[in-house]
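Colleague: Before I ask anything, here is the structure I am working with.
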């Protein structure tokens, strides 16, 4: 994937989060923290996991292998989450901007949170990070809709149409 294509994926990711955040912000604390049938327990847990994934992949790109993701209990709520996450998303994109095309095609080594070592192609890692975010937004949106806080259309097509 070209550097421009990677940056386009980052732009889409940011565009989509910016359309989802207002719906999360419209929730009451009861709705936001309510236990739900997600892997991550609640909309707060799912959002915190999404933040943690961006953070941990950025750390791994930088050559650091954190032992754990941020715990959902360590994040007070959506405001706290945004204060932590907004800079991480910007830093991740800036990290990509600073790389050459050759660097973006390299392999990196990291250790996962279970202690297992991996060699991972950076192109694949960046595709995964953006796809992972899409997966979790798609888990949030039906719940937001059911709670009366629907999001705008988040398909890439809508991003491409708006940015054309």
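The values are calculated or read from the model by the stated rules, or taken from the named source; none is laboratory data. Computed from a predicted model, the values in this text were never measured in an experiment. Neighbour counts are summed over all protein chains in view; Cβ atoms, including those assigned to glycine, are modelled from backbone coordinates with ideal geometry.
Colleague: Only residues that are within 16 Å of residue 125 (Cβ to Cβ) and touching a residue at least 12 places away in the same chain (Cβ under 8 Å): list them for the range 51-63, please.
Modeller: Of the residues in the range 51-63, the ones within 16 Å of residue 125 (Cβ to Cβ) are 52-63.
Within the range 51-63, 52, 53, 54, 55, 56, 57, 58, 60, 61, 62, 63 meet the criteria.
Colleague: Let me ask you something else. If you check every pair at least six apart or on different chains, which have Cβ atoms under 6 Å apart with a residue in the range 113-126 that is touching a residue at least 24 places away in the same chain (Cβ under 8 Å) first and a residue that is surrounded by 12 or more Cβ atoms within 10 Å (Cβ to Cβ) and in a helix (DSSP H, G or I) second?
Modeller: Note: pairs meeting the criteria are 122/104; 126/6.
Colleague: Out of all the residues in the range 65-99, which are in contact (Cβ under 8 Å) with a residue 40 or more places away in the chain and either in a loop (DSSP other than H, G, I, E, B) or over 16 Å from residue 13 (Cβ atoms) (or both)?
Modeller: Listed by number, the residues that qualify are 65, 66, 67, 68, 69, 77, 78, 99.
Colleague: Looking only at the range 127-152, filter to residues that are in contact (Cβ under 8 Å) with a residue 40 or more places away in the chain and in a loop (DSSP other than H, G, I, E, B); which one of those is nearest to residue 42 (Cα to Cα)?
Modeller: This residue is 147.
Colleague: Do we have residue 46 as surrounded by 15 or more Cβ atoms within 10 Å (Cβ to Cβ), assigned to a helix (DSSP H, G or I) and either touching a helix residue (DSSP H, G or I) at 6+ places or on another chain (Cβ under 7 Å) or touching a residue at least 12 places away in the same chain (Cβ under 8 Å) (or both) here?
Modeller: On the way: surrounded by 15 or more Cβ atoms within 10 Å (Cβ to Cβ): yes; assigned to a helix (DSSP H, G or I): yes; either touching a helix residue (DSSP H, G or I) at 6+ places or on another chain (Cβ under 7 Å) or touching a residue at least 12 places away in the same chain (Cβ under 8 Å) (or both): yes.
Criteria met by residue 46.
Colleague: Please work out which one of (1) modelled with pLDDT of 95 or more; (2) closer than 26 Å to residue 23 by Cα; (3) under 16 Å from the mean Cα position of the chain (by Cα) is the condition residue 69 fails and give its number.
Modeller: Of (1) modelled with pLDDT of 95 or more; (2) closer than 26 Å to residue 23 by Cα; (3) under 16 Å from the mean Cα position of the chain (by Cα), only one is false for residue 69: (1).
Colleague: Report, by residue number, each residue of the range 16-37 that is under 12 Å from residue 137 (Cα atoms) and either modelled with pLDDT under 95 or surrounded by 16 or more Cβ atoms within 10 Å (Cβ to Cβ) (or both).
Modeller: 16, 17, 19, 20, 21, 23, 24
Colleague: Can you name the condition, by its number, that residue 40 falls short on among (1) at pLDDT 95 or above; (2) farther than 24 Å from residue 118 by Cα; (3) under 17 Å from the mean Cα position of the chain (by Cα); (4) surrounded by 14 or more Cβ atoms within 10 Å (Cβ to Cβ)?
Modeller: Going through the list (1) at pLDDT 95 or above; (2) farther than 24 Å from residue 118 by Cα; (3) under 17 Å from the mean Cα position of the chain (by Cα); (4) surrounded by 14 or more Cβ atoms within 10 Å (Cβ to Cβ), residue 40 breaks only (1).
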